[in-house]
1. Hey, what do the phi angles of segment 26-33 turn into as Karplus ³J(HN,Hα) couplings, whole Hz, using 6.51/-1.76/1.60 and θ = phi - 60°, x for Gly and Pro?
2. Once you put a point 7 Å from the Cα of residue 26 and another 7 Å from the Cα of residue 107, both along the Cβ direction, what distance in nm separates them?
3. Using the per-residue mean of other Cβ atoms lying within 10 Å as a proxy for protection, in what order, highest first, do the peptides 24-32, 155-163 fall?
4. Starting from the 7 Å offset along Cα-to-Cβ, what nm value, one decimal, do you get for the label separation of residue 59 and residue 98?
5. Roughly how many Å² is the accessible area per residue of the chain, as a whole number, for a 1.4 Å probe?
6. So what's the back-of-envelope 222 nm ellipticity for the chain, counting only DSSP H runs of four-plus at -39500 (n - 2.57) apiece and dividing by all residues, rounded to 500?
7. Place the peptides 134-141, 81-88 in order of packing, highest mean first, counting for every residue the other Cβ atoms within 10 Å and averaging per peptide.
8. If I histogram all Cα-Cα distances within the chain using bins 5 Å wide from 0, what percent of pairs lands in each bin?
Amino acid sequence: MLTTLKTSYTDTRAADLAWALGREPLPALAVLDLELSGAKLQLRLLGASHQVLLEEEGRDCSETVACMPGSSTPLPLGVSKRVGEWEYEFAARVETLSHGSFAGRAQELLALVADHPNGLAGTFPGSPHAFTAMLAQRHEGQVRWRTWHAYPQEGQLVVTRTRIGVRMPATL
């Protein structure tokens, strides 16, 4: 699903993004509710990037990547931790692209997510290449999602990937 977000572009730099687990739902500009093999997932586009809410078998988790005033947790390159009975893994990277490459990559990602049944993308007014996009899936008992946060004025694309699921015991 592709939508134009009705807000001003509040994320000004990739470096302004912060990460948090366990935050309450924040006001969303666009929402996509999904059910992936028993897991309820809500993809949320915020005025300041994204939030994902997951609920499965009485457990829940929320991930927020956004410009959060007062946040002291910058966007990490990677996180691996237990969340209740779940194993949670998060990774982020920043791609810096030339103007022409950026425009092409933006169009490619928006087309991919807009036509995907588990995808949500929102463009910000003022630039067709200023967007946040999210894509979710269920694979081998884990729920996974990827996000893209575009900063055309800097030529930067912040890419995140998350996976969460019940820890499987090691087999001998």
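1. Running phi through 6.51 cos²θ - 1.76 cosθ + 1.60 with θ = phi - 60° gives 9, x, 10, 8, 8, 9, 10, 8 Hz.
2. 3.1
3. Ranking, from highest mean packing down: 155-163, 24-32.
4. The two pseudo-label positions are separated by 4.6 nm.
5. About 50 Å² of surface per residue is accessible.
6. Calculated at 222 nm, the ellipticity per residue is -3000 deg cm²/dmol.
7. Packing proxy ranking, top to bottom: 134-141, 81-88.
8. 2, 8, 19, 22, 21, 14, 8, 4, 1, 1, 0, 0
The values are calculated or read from the model by the stated rules, or taken from the named source; none is laboratory data. Computed from a prediction, not measured in an experiment: that's the story for all the values here. Cβ: placed from backbone, ideal geometry, glycine included. Neighbour counts: every protein chain shown. Quick note on the areas: whole protein, heavy atoms, side chains included, nothing else; ligands and nucleic acids left out. Shrake-Rupley method; radii C 1.70, N 1.55, O 1.52, S 1.80 Å.
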